[in-house]
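> Starting off with a structure, shown below.
The values are calculated or read from the model by the stated rules, or taken from the named source; none is laboratory data. Please read all numbers here as calculations on a predicted model, not as lab measurements. Glycine gets a Cβ as well: all are built from the backbone with ideal geometry, and neighbour counts include every protein chain shown. Note: accessible area is taken over every heavy atom of the protein model, side chains too, but ligands, DNA and RNA are not part of it. Shrake-Rupley method; radii C 1.70, N 1.55, O 1.52, S 1.80 Å.
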Amino acid sequence: MKLASLKHGRDGKLVVVSDDLAWCADATTIAPTLQAALDNWDQVEGDLRNLATDLGHETIPMLRFHERMAASPLPRAYQWADGSAYVNHVALVRQARGAEMPESFWQDPLMYQGGSDGFLGPRDPIPLADEAWGCDLEAEVVVVTGDVPLGASREEALAAVRLVGLTNDVSLRNLIPGELAKGFGFFQSKPASAFSPVFVTPDALGDWWRDGKLHRKLMVDLNGKPFGRAEAGEDMTFDFGTLIAHAAKTRALGAGTIIGSGTVSNRDADGGPGKPVSEGGVGYSCLAEVRTIETIRGGKPETPFLKVGDTVRIWAEDDRHHAIFGVIEQIVGG
């Protein structure tokens, strides 16, 4: 089952979307918003699935689904917590700045709590007031949970996953060092994120969702050229069950909590840093990583951060090369 929110007020209007993303059906008689559906999942899931079946059989009124009319599936959320499950990415960034990599990073996930009071839609521009801030894309996988009890085990956490999607978790890289130096975490350096047009139930992903990971290639284009083709199911040190359980160690998580994987990152086949797509590698899911590799190899970064007018495109494909979650497509400062 695929769910989306059409732009409507602050919290959108819930629709069920066809598997090919061509059509949708109004679901507001079942739940007015996706958050309302998540709050009452046990009561409404069956009705939503029946609506999706009717939509697939074309036995109910249908509307064309236009991704440009979609808000984030959750236009705002009670909680957005982003992990860093691809420790390869963390190790490279720390290596570039000469920082030691603590051994604990391989056993205990990194996680920060981001702003969740307003997300960008999948086709909304990325606001950028100053290019000197170092605007970066970050292509990631996300899950949305139901209620997760305090102290949940990995298995309990995985059972609470309701939906899977993608995000562009925008970062302002040149603001990060100053904020971290204060010892109190991110704030100004993490503006609003954008999410894929649709979120998908794990069962609808079939074998692509297993072991708490999305086993699909995360596609990233920058200014119309292939930039990233990393495999989301590979080199993921911490699966989503582990990430959710980590978040729930000292607090219960409310329905509608979004948990991010962190930047998807693969090592090269020889075990070294990944190569650009243009050189036969799988590329990168953020600019910071390629700049890091350039620094390691040549002493300084060569690739610039995002500029006004740049375009970012993020998606994942099925076996027929159709977008599973729709496409995040954004222009910087547009």
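> Could you tell me whether GLU317 is open to solvent by 30 Å² or more (accessible area, probe 1.4 Å) and in contact (Cβ under 8 Å) with a residue 24 or more places away in the chain?
Numbers: open to solvent by 30 Å² or more (accessible area, probe 1.4 Å): yes; in contact (Cβ under 8 Å) with a residue 24 or more places away in the chain: yes.
Answer is yes for this residue.
> Looking at GLY274, GLY299 in this structure, which one is modelled with pLDDT under 95 and on the phi > 0 side of the Ramachandran plot? Show your work before the answer.
Details: GLY274 fails: on the phi > 0 side of the Ramachandran plot.
Exactly one residue qualifies, and that residue is GLY299.
> I need the full set of residues from segment 273-283 which are open to solvent by 10 Å² or more (accessible area, probe 1.4 Å) and either in contact (Cβ under 8 Å) with a residue 12 or more places away in the chain or in a helix (DSSP H, G or I) (or both), in order please. Break it down into steps so the answer makes sense when it comes.
Looking only at segment 273-283, we keep the residues that are open to solvent by 10 Å² or more (accessible area, probe 1.4 Å), and these are 273, 275-282.
Matches in segment 273-283: PRO273, PRO276, VAL277, SER278, GLU279, GLY281, VAL282.
> Something else: Collect the residues in segment 285-308 that are small (Gly, Ala, Ser) and open to solvent by 40 Å² or more (accessible area, probe 1.4 Å), keeping them in residue-number order. Give the derivation first.
Quick first cut of segment 285-308, residues small (Gly, Ala, Ser) only: 285, 288, 298-299.
Of everything in segment 285-308, those that are small (Gly, Ala, Ser) and open to solvent by 40 Å² or more (accessible area, probe 1.4 Å) turn out to be GLY298, GLY299.
> So how many residues does segment 119-152 have that are of a type outside the set (Asp, Glu), open to solvent by 60 Å² or more (accessible area, probe 1.4 Å) and more than 13 Å from PHE195 (Cβ to Cβ)? Spell out the reasoning first.
So in segment 119-152, the residues of a type outside the set (Asp, Glu) come out as 119-123, 125-129, 132-135, 137, 139, 141-146, 148-152.
Filter once more, keeping what is open to solvent by 60 Å² or more (accessible area, probe 1.4 Å): 123, 127, 129, 132-133, 149-150.
Among the residues that remain, those that are also more than 13 Å from PHE195 (Cβ to Cβ) are: 127, 129, 132-133, 149-150.
Qualifying residue count for the region: 6.
> Would you please name the residue that is modelled with the lowest pLDDT, looking only at residues in segment 221-235 that are touching a helix residue (DSSP H, G or I) at 6+ places or on another chain (Cβ under 9 Å) and not small (Gly, Ala, Ser)?
Going residue by residue through segment 221-235, those that are touching a helix residue (DSSP H, G or I) at 6+ places or on another chain (Cβ under 9 Å) are 222, 225-229, 233, 235.
Filter again for not small (Gly, Ala, Ser), leaving 222, 225-227, 229, 235.
Details: LEU222: 98, LYS225: 98, PRO226: 98, PHE227: 98, ARG229: 97, ASP235: 93.
Step by step, filter segment 221-235, then rank; the result is ASP235.
> From the list ARG267, ARG251, ARG320, ARG291, which one is basic (Lys, Arg) and touching a Lys or Arg at 6+ places or on another chain (Cβ under 9 Å)? Steps first, please.
Details: ARG267 fails: touching a Lys or Arg at 6+ places or on another chain (Cβ under 9 Å); ARG251 fails: touching a Lys or Arg at 6+ places or on another chain (Cβ under 9 Å); ARG320 fails: touching a Lys or Arg at 6+ places or on another chain (Cβ under 9 Å).
After applying the criteria, what remains is ARG291.
> If you don't mind, another one. For segment 153-205, give me the residue count where each residue is open to solvent by 40 Å² or more (accessible area, probe 1.4 Å) and under 19 Å from the mean Cα position of the chain (by Cα).
Total satisfying the criteria: 8.
> Mind listing whichever residues of segment 246-272 are in contact with a strand residue (DSSP E or B) (Cβ under 6 Å, 6 or more places away or on another chain), closer than 23 Å to ARG229 by Cα, among the aliphatic types (A, V, I, L, M) and assigned to a loop (DSSP other than H, G, I, E, B)?
If the condition is that a residue be in contact with a strand residue (DSSP E or B) (Cβ under 6 Å, 6 or more places away or on another chain), closer than 23 Å to ARG229 by Cα, among the aliphatic types (A, V, I, L, M) and assigned to a loop (DSSP other than H, G, I, E, B), then VAL264 is the only one that fits.
> Out of all the residues in segment 284-334, which are assigned to a loop (DSSP other than H, G, I, E, B), closer than 26 Å to ASN88 by Cα and over 22 Å from the mean Cα position of the chain (by Cα)?
Of everything in segment 284-334, those that are assigned to a loop (DSSP other than H, G, I, E, B), closer than 26 Å to ASN88 by Cα and over 22 Å from the mean Cα position of the chain (by Cα) turn out to be GLY299, LYS300, PRO301, GLU302, THR303, PRO304.
> Suppose we filter segment 283-295 for residues that are modelled with pLDDT of 95 or more and among the aliphatic types (A, V, I, L, M); how many remain?
1
Condition check ((1) within 13 Å of VAL15 (Cα to Cα); (2) modelled with pLDDT of 95 or more; (3) touching a Lys or Arg at 6+ places or on another chain (Cβ under 7 Å); (4) open to solvent by 30 Å² or more (accessible area, probe 1.4 Å)) across all residues:
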residue: PHE65; (1), (2), (3), (4): yes, yes, no, no
residue: TYR78; (1), (2), (3), (4): no, yes, no, yes
residue: ALA81; (1), (2), (3), (4): no, yes, no, no
residue: ASP117; (1), (2), (3), (4): no, yes, yes, yes
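> A further question follows. Kindly indicate whether SER104 is surrounded by fewer than 20 Cβ atoms within 10 Å (Cβ to Cβ), among the small types (Gly, Ala, Ser) and over 14 Å from PRO191 (Cα atoms).
Working: surrounded by fewer than 20 Cβ atoms within 10 Å (Cβ to Cβ): yes; among the small types (Gly, Ala, Ser): yes; over 14 Å from PRO191 (Cα atoms): yes.
Taking the combined requirement at face value, the residue satisfies it.
> Of the residues that make up segment 264-271, is at least one within 30 Å of ALA70 (Cα to Cα) and either under 16 Å from the mean Cα position of the chain (by Cα) or surrounded by fewer than 22 Cβ atoms within 10 Å (Cβ to Cβ) (or both)? Lay out the reasoning, then the answer.
From segment 264-271, those within 30 Å of ALA70 (Cα to Cα) are 264-265; that's our starting set.
Filter once more, keeping what is either under 16 Å from the mean Cα position of the chain (by Cα) or surrounded by fewer than 22 Cβ atoms within 10 Å (Cβ to Cβ) (or both): 264-265.
Yes: segment 264-271 contains one or more residues that are within 30 Å of ALA70 (Cα to Cα) and either under 16 Å from the mean Cα position of the chain (by Cα) or surrounded by fewer than 22 Cβ atoms within 10 Å (Cβ to Cβ) (or both).
> While we're looking at this one, here's another question. Could you list, in sequence order, all residues of segment 202-245 that are under 24 Å from ALA152 (Cβ atoms) and either in contact with a strand residue (DSSP E or B) (Cβ under 6 Å, 6 or more places away or on another chain) or in a strand (DSSP E or B) (or both)?
PRO202, TRP209, ARG210, LYS213, LEU214, ALA232, GLY233, MET236, ASP239, PHE240, LEU243, ILE244
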